[in-house]
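The values are calculated or read from the model by the stated rules, or taken from the named source; none is laboratory data. Computed from a prediction, not measured in an experiment: that's the story for all the values here. Because the Cβ atoms are built from the backbone with ideal geometry, glycine has one as well, and the counts that use them run over all protein chains shown. These area figures cover heavy atoms from the full protein model, side chains too; ligands, DNA and RNA do not enter into them. Shrake-Rupley method; radii C 1.70, N 1.55, O 1.52, S 1.80 Å.
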Amino acid sequence: MTSLIQKALRIRELPIFLFLVVVALVTGFANPAFFTVAGLQDVLLGVSIVAVLAIAQTLVIVMKHIDLSVGSTIGFTAYVMGAAGSWGHSVWWGLAVSLGIGIAVGAINGFLVAYMKLPSLVVTLATLYLVKGIFNEIAGGDTITGDRVPEAVNAIGANYFFGVPYIYIIVFVLMLVVGFIMKRMRAARDLYAIGSNLSASELAGIPVARRVFLAFVATGAITGLAGVLLLARYNTADANSGVGIELYAIAACVIGGVAIAGGIGTVYGAMIGAVLLQTITSALGALGIPQFWQLAVNGTLLIAAISLDRYLSSRVKPTSIMGSHE
Amino acid sequence: MQKKFTRIAVVTAIVGALFATSVVAPASAATGIKTGLRIAVIPKQVNSGYFEAWNKGAQKACKELKAKCDFIGGTKATGAVQVQFINKAIQKKYDAIIVAAADQNAIVPSLKKAQKAGIIVITSDADVAAASASARTVTIAPSEASRIGTAEVDWAAEAAGKKGTVAILSAAATAANQNVWIAAMGPYLTSKYPNMKWVGGSLDKAIFYGDDDTTKSTAQFNAILSQYPDVAAIIAPTTVGVLAAAAEKKKKNLSVKVTGLGLPSEMAPYLKDGTVEKVGLWNPIDLGYVAIYAAGHAKAKTFTGKTGSSFKAGTKTYKVTAGGIAYLGDPFTFTKSNIATFEKVY
Amino acid sequence: MRKFNFAWEHGVAVFLVVAIALGSGLSEFFATTDNLSFIIQDVAEIAIIALAMTYLIIAGEIDLSVASTLNLASAAVGFSFRNGMPFEMAIVVGLLVGLACGLLNGYLVTVVGLPSLAVTIGTLALFRGFAWVLLGNEPVNELPENWIVLGYENIPNTFLPWSTIPVVILALLAWVILHYTRIGRWTYAIGINAEAAKFSGIPVARMKLALFGVTGLMSGVAGVVYTLRFASASPDGAVGYELDVIAAVLFGGVAIAGGLGTLWGVLAAVLSLGVIRSAMQLLDFTGNALLIVSGALLLISVVLPRAIELVKDRRKSVTV
């Protein structure tokens, strides 16, 4: 019995999960509306976009890289999904093009980082600007409104399955799939090795460049498809969609135990991090904290979460929520 | 034969030139504005449907005045970015600048610099701070600020059956226009509709800032409902906010009434399906159109911008009121019955 | 004939010259003293922060909160003045606020041990949040006239804006310290290998703390310059500046991995970006085009040296 508890205590994601529970409880006491079905659905809806981007970002961060271009990509594909109808195409066309854009951006990032061995911070910062510029040119001042959103996308955004928003279910399933792949598939486990010790990985025969490239492509693909979710969530898209969201995705990862230093962390942690971020945002509203204090409180909680995670995880040997793997 | 042809050509040319100048001169005489003016039209930011409509109006006026108008601006609606474009206009020696202030304070020094260089400065849609009114000749404002605020309260009260609580989903906390409108809303609600109150008991508590950002506006809409689940109506005096509120209301099938300032092209689906009963807006096309004429007249020195002076734009005359403001008129109200006319216009 | 080692910085210098030439050639408005004055004003704040950021990145760290620090310092200046403090004192307050922000970052990184990228995302929100707390929704716009003049006027009888003075002085200081003093050498050493640096007696933690502090202080200086230039202090100013600073530093040849880079490369890069932006605007490029060009330039700045390296390697293996 005690060994089970001991094992549980060593789970890397535990401290942040507890922090989340505490924040949720405090909010719930202060405002019972938070714990209603509507309140919780709110959190899940709000979390979905950041969560899907955080899941994608995990693939890249564990390799000790980063992808800043996701904000521009998701905004672009959200717009494309909405504009497809007006351009005379079907929703499937829109989906295919969104996926294509995501893969293209991911491939560019991946090629430059993996094969030309360029620093990912610089490369993805550049693609952030490039994609946004191209996106803006295409979108101009056009705003996608509810009636231009394809019926299928609208259905995803508006419906619930036993009370859980479809959008969130999709993201949750994605998390399970990616999490499983990252634990079981040899090729995916290599990503951790690359992040922990690059030269050792090369010496061990891991095809580093190929792994890094494919990881960026995967991130891009997920981001591209996530545009559908963005459109489904807000029923609107324009040239400003997705701006700045990459920082939230990265913050969610970091809070969730996906270390910037690489080699550690899981998509489950990223999800918890995203939920925590969203809970804090909802909490600020629900607790009635004066508007002008909210950003400061948000920043403080962020730093507290990162510090707490660092403090607690430095005292235990890190294992992931699904058992030890590194 | 050659000589005769040449003579005909010369005569034709002279007659043509006389004709051309006589066509040009009347335009000049009618408005008093000379042709060939170069005007810089600077929005808060490009990539905005609202400002593209604003520019449409400006370009229409420029065509009538045979002026050359350049629509220039940055992709971010900040003062720092806008200053770059104002500086560019100064360097390129434009005759006039029409600007929708992205920041009511930050652009003042550069506008003053422009004026010193002999450039006419007109603000349209968004003005500089009242204390710096001297940095522009006149501002073209949609309607009297209090009218915009009180109109929105009327729409909200009407939709909610004149009872219940009301909240406001605004733009940025520093947005000057919104703040003025909200200030007018405060006392009006409590005095005209005794059965209605602001949520939280006071106007201050009822304002939520969506920063003209869809994600944030949606989050704040949900925050309002989370803190005040019985709110009867939400007023969003910003096109981004009202669109986000309407979309979220429809998605979650809520009963709270939503109204505010909305672009007819964006709000049409929500008016048609009953999510929103009424929204209103002035026509940004007019804001751009009138501003160009003000600039033209000011350049021709037939308009000073002083309180009480007036100028003509198209067929209407506009008078300058205290503070150097020229108003367009009451906002339009859009409902299910009239939206079809407007949704293609702007 | 001694082989001329072609460094990235030389490329940037060449780029700057070419950009100026193109700009002057293509637009009659470019090569004017007015334009030079505008360009300097435009890049002054970014240049000042970039000086400190160069040290920080060379030492292997990063600070994403600089724009928020700039803004908080600006807000502090406005807040103090609005509440009756003499403007000179308000400026000092602004600088101290900047320093404090930097030291907080430094503390969280060196003492608590948090990664700088993550922590400064948090302080980015925190510092901006404080600016909101200070000013609420009322920007300060009544600042003393004699000070505002320094913000956007030129030094009498020259075409140089007043803001040139702090930029030049700080740039000279930064250059000398980085390339000619022990502190500079330590900075590089820490960036190349922090462990080895520690073992050779360099006080790594204290150095990093100091570097963060100086970065904050420089952001504070930039905040004062910003306040004067826009004659106002607002809670939502300078949004996104941090990316401009980092892009300039990276374009200037400073390696994100640390241990490499020169100050004059960064200065050339800051100027280049200002020149390019000015030229493009005068040539009527749209805002979107500017974005694309910025991205492309940034990419080229890293792809080109690498491509040259790869070609050199291939050539080496062929000749052997």
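Check whether at least one residue in segment C:263-281 is over 19 Å from C:I57 (Cβ atoms), touching a Lys or Arg at 6+ places or on another chain (Cβ under 6 Å) and away from chain A (no Cβ under 13 Å), and report yes or no.
yes
Enumerate the helices (runs of 4 or more DSSP H) found wholly within segment C:11-127, keeping only those where 1 or more residues are acidic (D, E), within 12 Å of another protein chain (Cβ to nearest Cβ) and over 20 Å from A:I303 (Cβ atoms).
Correct list: C:33-58.
Scan segment A:215-230 and give yes if some residue there is of a type outside the set (K, R), within 12 Å of chain B (Cβ to nearest Cβ), buried (at least 24 other Cβ atoms within 10 Å of the Cβ) and not in a loop (DSSP other than H, G, I, E, B), otherwise no.
Looking through segment A:215-230, at least one residue is of a type outside the set (K, R), within 12 Å of chain B (Cβ to nearest Cβ), buried (at least 24 other Cβ atoms within 10 Å of the Cβ) and not in a loop (DSSP other than H, G, I, E, B).
Is segment B:241-260 home to any residue that is open to solvent by 10 Å² or more (accessible area, probe 1.4 Å), polar (S, T, N, Q) and within 14 Å of chain A (Cβ to nearest Cβ)?
Taking every residue of segment B:241-260 in turn, at least one turns out to be open to solvent by 10 Å² or more (accessible area, probe 1.4 Å), polar (S, T, N, Q) and within 14 Å of chain A (Cβ to nearest Cβ).
Could you tell me which of the residues A:V22, A:V26, A:V60, A:V97 is in contact with a His (Cβ under 9 Å, 6 or more places away or on another chain) and of a type in the set (A, V, I, L, M)?
Criteria check complete, one pass: A:V97.
If you go through segment C:289-297 one residue at a time, do you hit one that is in contact (Cβ under 8 Å) with a residue 24 or more places away in the chain and within 30 Å of A:I138 (Cβ to Cβ)?
Yes, segment C:289-297 contains at least one residue that is in contact (Cβ under 8 Å) with a residue 24 or more places away in the chain and within 30 Å of A:I138 (Cβ to Cβ).
Being modelled with pLDDT under 90 and within 30 Å of B:G323 (Cα to Cα) is the requirement here; does B:D204 meet it?
So B:D204 fits the description; yes.
Kindly evaluate A:V254 against the criterion of being within 14 Å of the chain's Cα centre (by Cα), open to solvent by less than 10 Å² (accessible area, probe 1.4 Å) and modelled with pLDDT of 85 or more.
No, not satisfied.
If you go through segment B:254-269 one residue at a time, do you hit one that is in contact with a strand residue (DSSP E or B) (Cβ under 9 Å, 6 or more places away or on another chain) and of a type in the set (D, E)?
Taking every residue of segment B:254-269 in turn, none turns out to be in contact with a strand residue (DSSP E or B) (Cβ under 9 Å, 6 or more places away or on another chain) and of a type in the set (D, E).
Could you look through segment B:249-287, keep only residues that are part of a loop (DSSP other than H, G, I, E, B) and among the polar types (S, T, N, Q), and pick out the one that is farthest from A:A38 (Cα to Cα)?
B:N283
Looking only at segment B:312-346, how many residues end up being among the hydrophobic types (A, V, I, L, M, F, W, C), more than 16 Å from B:R136 (Cα to Cα) and either in contact with a strand residue (DSSP E or B) (Cβ under 8 Å, 6 or more places away or on another chain) or open to solvent by less than 40 Å² (accessible area, probe 1.4 Å) (or both)?
6
Just one of (1) assigned to a helix (DSSP H, G or I); (2) among the polar types (S, T, N, Q); (3) under 21 Å from B:G262 (Cβ atoms) trips up B:S143, so point out which.
All conditions pass for B:S143, except number (1).
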